[in-house]
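Some notes on the structure that comes next.
What follows is calculated from the coordinates using simple rules that are stated; it is not laboratory data. On a predicted model such as this, the values are computed, not experimentally measured, just so you know. Every residue, glycine among them, receives a Cβ derived from its backbone with ideal geometry; neighbour counts consider all protein chains shown.
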Amino acid sequence: MIKQFNYKQFGNIDLAEYNNSAKSINIIDDHIKINFIPQKFGLKIDFQAFNFERDALLFVNPKVVVQPLDKSLEGAELIHFNRDFYCIEIHDQEVACDGILYNNVFEVPFIELNDDQSKDIQKIISDIKSEMITHDANTEEMLRILLKLIILKSTRIWKTKHQLADNDQHMAVQFLRKFSQLVEQHYKTHHTVADYAEMLFVTPKNLSKKINLLSKNTPNDIIKERIILESKRLLAHTTLTVKEIAYSLNYEDDAYFVRFFTKNTGVSPISFRKQF
């Protein structure tokens, strides 16, 4: 399931096997993941359900909880790797493991594929499977090249979908990516639009204007939604008290946090936790 090159790890597994094996889940829980999802397939990503009308690729960070909604997982594939195996942080920024397909606070990071794109991606996955049973000095680099090829092609599809494929739109994409990264890095400690505007060296009004060109949500909505998502994860998947969760998200007044959560979700933190 996993090839290891010193500290670098890479793996490919049938999603049905992954879903039915607690051991597998524990081993790769901290890995970055790419899921190939067949059409008509349902998934719950964190707390939101999706049904894919076309074949799709889903890009998943370690903290994201993915649960299949279908009993049959035939054709679904999972590619997973750690940051040591693939994470280009200086060069090729758009296709890094923290590129626009990951740490995307604007939307759930998936792309739907047309028939030709799906065949193309499935061919690369097939090549990955062949490489997984190969043992020579070039295996690691071949796997990295194939992985990067998927990310490159997917980034191109994402940009075309969002009408950001032209070179003239490069700065807009980079701004989008930078804001996404900052929210992902600082949502626990920075809760206001002014905080992020300062980090991006723009005014709050200018920040809102730039984001509104790329997203239906305002910067304030995006920041709040990221805090709420983390709150839900901690409520559903940990035993931390509401007070401890509030403190971990930089809310010293847990009563204020309860009001914030209730206003934005329609239920209190305790009521939400009872669902799980």
- Message: From the helices alone, meaning DSSP H stretches of at least four residues, give me the mean residue ellipticity at 222 nm for the chain, per-run term -39500 (n - 2.57), in deg cm²/dmol to the nearest 500.
- Response: -14500 deg cm²/dmol
- Query: By how many nm would the segment from ILE133 to ASP120 grow when fully extended, if each residue of separation counts as 0.36 nm and the alpha-carbon distance is taken off?
  - Reply: 2.6 nm
- Using amide H atoms built 1.01 Å from N in the peptide plane, name the residues 5+ places from VAL65, or on other chains, whose amide H lies under 5 Å from its own. ASP46
- Query: Computed over the Cα atoms, what is the radius of gyration of the chain divided by 2.2 N^0.38 Å, N being its residue count?
  - Reply: 1.05
- Message: Which of SER215, SER72, SER248 ends up with the largest GNM mean-square fluctuation for the chain, with Cα atoms connected below 10 Å?
- Response: SER72
- Work out the charge dipole of the chain with +1 on the Cβ of Lys and Arg and -1 on the Cβ of Asp and Glu about the Cα centre, then indicate which of ILE157, ASN61, SER231 is farthest towards its positive end. SER231
- Task: Any chance you could run the full-extension gain for ASP70 through ASN220? It's 0.36 nm times the residue separation minus the Cα-Cα distance, nm to one decimal.
- Result: 50.5 nm
- Working from Cα positions, state the angle (0 to 90°, nearest 10) between the long axis of helix 219-237 and the longest principal axis of the chain. 70 degrees
- Task: Given the options HIS237, HIS80, HIS186, state which has the largest fluctuation in a GNM of the chain using a 10 Å cut-off (strictly under) for Cα springs.
- Result: HIS237
- Task: On a 0 to 90° scale, report how tilted helix 139-161 is relative to the longest principal axis of the chain, with both axes built from alpha carbons and the result rounded to the nearest 10.
- Result: 50 degrees
- Item | Dipole magnitude of region 169-274, debye to nearest 20 (Cβ charges: Lys/Arg +1, Asp/Glu -1, about Cα centre) | 400 debye
- Relative contact order in percent for the chain (Cα pairs under 8 Å, 6+ apart) equals 14 percent
- Message: Give me the base-10 log of I(q)/I(0) for region 177-276 at each q in 0.12, 0.13, 0.21, 0.22 Å⁻¹, Debye formula, one uniform scatterer per Cα, rounded to two decimals.
- Response: -0.42, -0.48, -1.03, -1.09
- Task: Measure nothing but the geometry: give the 0 to 90° angle between the long axis through the Cα atoms of 115-132 and the longest principal axis through the Cα atoms of the chain, rounded to 10°.
- Result: 70 degrees
